[in-house]
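Since every read-out is calculated from the coordinates, none of them should be taken as a lab result. Because the structure is predicted, anything quoted here is derived from the model rather than measured. Here the Cβ positions follow ideal geometry from the backbone for every residue, glycine too, while neighbour counts run over all protein chains shown.
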């Protein structure tokens, strides 16, 4: 479990580094195929939001993916909790599956709202 947690954290750090090095707002990433169908998928705008979030431009991050920006503290807590629990070999920080399930339901609702209303980008 420790090795899996270390690999997951390493992958996350690498992904954030790639997003910061290859600026997604300059066309450094390929266009999402759903955009050609005029559909905003669950992660549509998330790469740009991550870039703006980690460059401390929270307004732009919120514009591109409001759900990611608002729930970043919860996601960060879960990552830290899973990592700490794996290395401590016991449950030090609580991780509730109900909260994770609620997060996924919220993400689905966010995706539906952004596709059927003009309120959310």
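Listed by position, the helices (runs of 4 or more DSSP H) enclosed by the stretch 1-67 that each have at least 1 residues that are in contact with a helix residue (DSSP H, G or I) (Cβ under 6 Å, 6 or more places away or on another chain) are 2-21, 46-54, 58-64. For residue 55, are the conditions met, namely being loosely packed, with under 13 Cβ neighbours inside 10 Å, over 22 Å from residue 114 (Cα atoms) and under 16 Å from the mean Cα position of the chain (by Cα)? No; evaluated as a whole, the condition is false for this residue. The set of residues from the stretch 94-112 being loosely packed, with under 10 Cβ neighbours inside 10 Å and in contact with a helix residue (DSSP H, G or I) (Cβ under 9 Å, 6 or more places away or on another chain) comprises just one member, 94. In the stretch 35-52, the qualifying residues are those that are exposed (fewer than 14 other Cβ atoms within 10 Å of the Cβ) and without any contact (Cβ under 8 Å) to a residue 40 or more places away in the chain, and the one that is nearest to residue 114 (Cα to Cα) is 38.
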